[in-house]
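Down below is the structure, laid out as structure tokens.
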Amino acid sequence: MIYLDHHATTPCDPRVVEAMLPYLTQHFGNPHSDSHEAGREVRRAIEQSIDSMAAILNAPRENLVVTSGATESINLAMRGVLMHPRCKRHQVVVCDTEHPAVLEVAEDLSKQSIAGGQPIEIVRAGVHPHDHRFAGQVDLDQLRAAIGEHTALVSIMWANNEIGSIMPIKTIAEITHEAGALLHCDATQAVGRLPVDMRSADVDLLSASAHKFYGPKSTGLLVVGNGNRRVRLRPQIIGGGQQRGLRGGTLNPATIVAMATAMRIAIDDLDGDTSRILELRESLWDRLSSAIEGLQLNGIDWREETSLRLPGNLNVRLRDIEGESWMAATPDVAFSSGSACSSTEALPSHVLLAMGLSESEARRSVRFGIGRFNTTAEINSAADQLIASHQKLVG
Ligand SMILES: Cc1ncc(COP(=O)(O)O)c(C=O)c1O
């Protein structure tokens with residue numbers, strides 16, 4: 001199996017596994033047990049991990065909250081702000097191409113009210129269409145129109161998981177703060193793949209997930225505040241008082257050490273990984289587009305806009321067959337027809353529809369995500385298999 005689905009998840013880096021294993025066997029104390037060294041040594045390892053991640057993200061270390069992954073972080077950020085007893089504003093602004101983890105929380109919030117009694121209102125901003133130079137980036141005019149004096153929170157992703165478009169986060173932060181609102185950024189696809197600096201981007205809340213950067217699954221982070229303005233959250237999981245009462249429950253030292261190690265490796269290896277992955281994407285696209293007639297690129301053309309698309313992302317549209325058929329005919333290459341969540345429901349991608357593609361065009365689209373351990377030989381073999389299976393399907 002050649003794995004080309006690194007937006008869905010990544011394998012744990014062996015260096016990460018090595019770092020975490022002692023915390024499952026040797027150093028197994030409860031980090032919240034202060035009365036003995038078994039607890040204290042584990043606590044220190046967690047604190048070092050938090051320090052390291054805070055330094056990488058340029059965020060105050062006391063503002064990091066460990067969660068079970070980005071979905072939980074997003075729930076805590078969005079529900080936490082709106083459900084806080086002192087939240088006076090009742091609007092949330094999201095972009096059409098957000099991950100379901102954001103869109104479904106927004107949908108659920110729209111059935112609730114803030115503490116003052118006003119029903120919560122969700123306002124959506126669209127993205128630039130598929131034939132635009134900045135295809136898939138949030139339309140800043142629409143965003144400006146959506147944000148107003150009643151906006152409590154704006155939630156926009158750093159980078160899109162389907163088409164890889166990187167959002168103009170600094171500008172989004174400026175627009176958000178001018179209106180006195182807070183910015184939550186789902187940085188699940190960005191952390192570990194791009195430099196993410198919370199203070200310089202001026203993001204107020206940031207969600208991330210270890211399994212997207214070669215760490216373990218069900219481990220994530222929410223950063224609550226970058227030090228520039230006050231962020232008040234109502235906790236969503238209580239009991240035990242851990243993490244300053246923001247998220248109860250015993251911390252897992254093994255996965256926290258793993259997440260910090262994975263983030264450190266990703267940053268240390270960023271330049272090397274990025275240039276290798278860029279070459280592999282170029283080669284996959286060249287091979288596929290020269291052999292498959294009518295193949296189109298979905299999203300920003302990285303040859304025109306070099307820094308606006310995630311390096312490993314390739315999303316393409318076939319002329320004659322559906323992505324599902326191509327995947328079924330190429331069983332030894334792992335790629336996907338949309339986000340992992342919507343692909344189980346076999347719905348056309350909401351991201352591609354938001355960019356103005358038709359249902360049929362969206363169904364004829366697939367996503368590749370190239371990662372750290374892919375090799376040139378794998379890309380060549382995957383391209384051969386994809387071209388052969390396409391040829392067989394079109395006859
Ligand atoms: C952009 C984005 N946000 C959120 C999530 C959810 O992350 P997790 O699996 O850590 O809950 C994902 C995972 O697919 C994602 O790609």
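The values are calculated or read from the model by the stated rules, or taken from the named source; none is laboratory data. Values in this document were obtained by computation on a predicted structure and should not be read as measured data. Note that we place each Cβ from the backbone using ideal geometry, even for glycine, and neighbour counts take in every protein chain shown. What goes into the accessible areas is simple: the full protein's heavy atoms, side chains included, and nothing from ligands, DNA or RNA. Shrake-Rupley method; radii C 1.70, N 1.55, O 1.52, S 1.80 Å.
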Review point. With Ser275, Ser283 as the choices, which residue is more than 22 Å from Gln48 (Cα to Cα), open to solvent by 60 Å² or more (accessible area, probe 1.4 Å) and of a type in the set (Ser, Thr, Tyr)?
Key: Ser275
Review point. From the residues in segment 214-265 that are among the basic types (Lys, Arg), in contact (Cβ under 8 Å) with a residue 12 or more places away in the chain and more than 15 Å from Val16 (Cβ to Cβ), which one is least open to solvent (accessible area, probe 1.4 Å)?
Key: Arg247
Practice item. Could you tell me whether segment 30-42 includes any residue that is without any contact (Cβ under 8 Å) to a residue 12 or more places away in the chain and closer than 29 Å to Asn161 by Cα? Key: no
**Study point:** Single residue of Ile387, Ile379, Ile370, Ile321 found to be within 16 Å of the ligand (Cβ to nearest atom) and at negative phi
**Key:** Ile370
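Yes/no matrix, rows are residues, columns are (1) part of a strand (DSSP E or B); (2) within 14 Å of the ligand (Cβ to nearest atom); (3) among the charged types (D, E, K, R):
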residue: Arg199; (1), (2), (3): no, no, yes
residue: Ser207; (1), (2), (3): yes, yes, no
residue: Lys217; (1), (2), (3): no, yes, yes
residue: Val231; (1), (2), (3): no, no, no
residue: Gly248; (1), (2), (3): no, no, no
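For every residue, the table says whether it meets (1) of a type in the set (A, V, I, L, M, F, W, C); (2) open to solvent by 60 Å² or more (accessible area, probe 1.4 Å); (3) more than 27 Å from Leu393 (Cα to Cα); (4) modelled with pLDDT of 95 or more.
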| residue | (1), (2), (3), (4) |
| --- | --- |
| Thr306 | no, yes, yes, no |
| Gly312 | no, no, no, yes |
| Leu318 | yes, no, no, yes |
| Met327 | yes, no, no, yes |
| Val333 | yes, no, no, yes |
Revision key, fill the gap. Counted residues in segment 191-213 being surrounded by fewer than 24 Cβ atoms within 10 Å (Cβ to Cβ) and within 14 Å of the chain's Cα centre (by Cα) come to 3
Practice item. Scan (1) over 19 Å from Ile300 (Cα atoms); (2) within 14 Å of the ligand (Cβ to nearest atom) for the single condition Gly148 breaks and write down its number. Key: (2)
Check your understanding: What do you reckon, is Val102 within 16 Å of the ligand (Cβ to nearest atom), modelled with pLDDT of 95 or more and not in a helix (DSSP H, G or I)?
Key -> no
Review point. Inside segment 68-97, can you point out the residues that are touching a helix residue (DSSP H, G or I) at 6+ places or on another chain (Cβ under 8 Å) and surrounded by 24 or more Cβ atoms within 10 Å (Cβ to Cβ)?
Key: Ala70, Ile74, Met78, Leu82, Val92, Val93, Val94, Cys95, Thr97
Exercise for review: Just give me the residues in segment 27-67 being open to solvent by less than 20 Å² (accessible area, probe 1.4 Å), in a helix (DSSP H, G or I) and under 21 Å from Leu194 (Cα atoms), in sequence order.
Suggested key: Ser49, Ile50, Met53, Ala54, Leu57
Practice item. Please find, among Leu24, Leu4, the residue that is open to solvent by 20 Å² or more (accessible area, probe 1.4 Å) and either outside the structural domain of Asn380 (by TED's automatic domain parsing) or within 16 Å of the ligand (Cβ to nearest atom) (or both). Key: Leu24
